[in-house]
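The values are calculated or read from the model by the stated rules, or taken from the named source; none is laboratory data. Owing to the predicted nature of the structure, the values given are computational and were not obtained by experimental measurement. Reconstructed Cβ throughout: ideal geometry from the backbone, glycine too, with neighbour counts over all protein chains shown. Note: areas computed on protein heavy atoms with side chains; ligands, DNA, RNA excluded. Shrake-Rupley method; radii C 1.70, N 1.55, O 1.52, S 1.80 Å.
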Amino acid sequence: GAGVSQSPRYKVAKRGQDVALRCDPISGHVSLFWYQQALGQGPEFLTYFQNEAQLDKSGLPSDRFFAERPEGSVSTLKIQRTQQEDSAVYLCASSLLRGPYRDTQYFGPGTRLTVL
Amino acid sequence: AQRVTQPEKLLSVFKGAPVELKCNYSYSGSPELFWYVQYSRQRLQLLLRHISRESIKGFTADLNKGETSFHLKKPFAQEEDSAMYYCALAGGTSYGKLTFGQGTILTVHP
C-alpha cells in the first residue's frame with residue numbers, strides 16, 4: 001500500500017514568508033510525528049499527534065511554528081515569517097498504535113525547505 | 001535529558017570485512033533502542049529494534065546497559081550496505097517520540 005507522503009518535496013521561501021508543509025500518513029495510523037532535520041544532523045522531534053489531538057509540541061522551536069491535524073489524518077506544519085535558520089528537511093512519520101506500544105514509525109520522503 | 005551519540009560520522013570498510021557502527025546513549029530510565037537506515041535517494045526506514053532481538057540483512061545489535069551502548073554489527077559487509085545509519089532512542093513517553101544520533105555514513109568498497 002501507499003506509504004507516508006509529503007508535499008511539496010522542495011520549497012524555496014524568501015525570509016519572512018509563511019509556508020505550509022503537508023503530510024499524508026498511512027491510512028488508519030493513529031500516531032503522527034513531525035521531525036526537523038538540519039544539514040548534517042539527525043532528525044529532531046517537533047510535535048506529536050494522536051488522531052486529531054496534539055499531545056506533545058515540546059520540540060517546536062518557536063511560536064512561529066504551528067501544526068494541526070484537524071480530522072485525524074492529514075497534517076499540516078505551518079511556519080510563519082520564515083527565517084534562514086528554518087532551512088532544513090521536515091520529516092513526517094506515522095505509526096499504527098498508541099499507548100505504551102512503541103511500534104514502527106514509517107517516514108515520509110521529507111520536504112526540503114530553503115529560506116533565502 | 002536523553003541523548004544519543006554516534007561518534008563516527010564516516011566509516012569505510014571493504015566488502016567482506018566486519019563492520020561495527022557505534023552508538024552510545026544517555027537515559028535514566030529503561031530505553032528502547034532502534035537503528036534506522038537511509039539508502040541513497042530513499043526514505044528513512046527502520047532496520048532493527050533491540051526489543052525484537054532480530055537480525056535484519058545480517059545486522060545485529062545488542063543493548064549493553066552497563067556501557068549504555070547499542071552498537072550495530074555485521075560480520076561480512078556488502079556493497080549494498082552503503083548508507084546513512086541512525087541510532088535512535090525512545091524513552092520518557094508512551095508514544096515513542098524518538099531521539100536520534102547524528103548518523104554515520106557507511107561506505108563499503110568493492
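Applying a threshold of 8 Å to beta carbon distances and a minimum spacing of six or more residues, or different chains, the list of pairs starting in the stretch B:91-110 at a residue that is within 10 Å of chain A (Cβ to nearest Cβ) and part of a loop (DSSP other than H, G, I, E, B) and ending at one that is of a type in the set (Val, Ile, Thr) and surrounded by 21 or more Cβ atoms within 10 Å (Cβ to Cβ) reads B:GLY91/B:THR99; B:GLY101/B:VAL4. Looking across the stretch A:76-105 at every residue that is assigned to a loop (DSSP other than H, G, I, E, B) and modelled with pLDDT of 95 or more, the one that is farthest from the other protein chains (Cβ to nearest Cβ) is identified as A:ARG81.
Among the residues of the stretch B:1-48, those that are touching a residue at least 24 places away in the same chain (Cβ under 8 Å) and among the basic types (Lys, Arg) comprise B:ARG3, B:LYS9, B:LYS15, B:LYS22.
Does the stretch A:54-64 include one or more residues that are within 10 Å of chain B (Cβ to nearest Cβ) and open to solvent by 40 Å² or more (accessible area, probe 1.4 Å)? The answer is yes, given that some residue of the stretch A:54-64 is within 10 Å of chain B (Cβ to nearest Cβ) and open to solvent by 40 Å² or more (accessible area, probe 1.4 Å). For the structure I just gave you, tell me whether A:LEU32 is surrounded by 15 or more Cβ atoms within 10 Å (Cβ to Cβ), aliphatic (A, V, I, L, M), within 11 Å of A:CYS92 (Cα to Cα) and touching a residue at least 60 places away in the same chain (Cβ under 8 Å). Taking the combined requirement at face value, the residue satisfies it. Residues that are within 16 Å of B:ALA90 (Cα to Cα) number at least 1 in the following strands (runs of 3 or more DSSP E) confined to the stretch B:1-72: B:3-5, B:24-26, B:32-38, B:45-49. Of all residues in the stretch B:40-61, exactly one satisfies the criterion of being out of contact with any Leu (no Cβ under 8 Å at 6 or more places or on another chain), away from every other protein chain (no Cβ under 14 Å) and surrounded by 12 or more Cβ atoms within 10 Å (Cβ to Cβ), namely B:GLY58.
For the stretch B:63-106, a residue qualifies if it is hydroxyl-bearing (Ser, Thr, Tyr) and out of contact with any Asp or Glu (no Cβ under 9 Å at 6 or more places or on another chain), and the qualifying residues are B:THR68, B:SER82, B:TYR85, B:TYR86, B:SER94. Could you identify the single residue in A:GLN84, A:GLN50, A:GLN17 that is open to solvent by 10 Å² or more (accessible area, probe 1.4 Å) and within 23 Å of B:ARG49 (Cβ to Cβ)? None of the others qualify; the one that does is A:GLN50.
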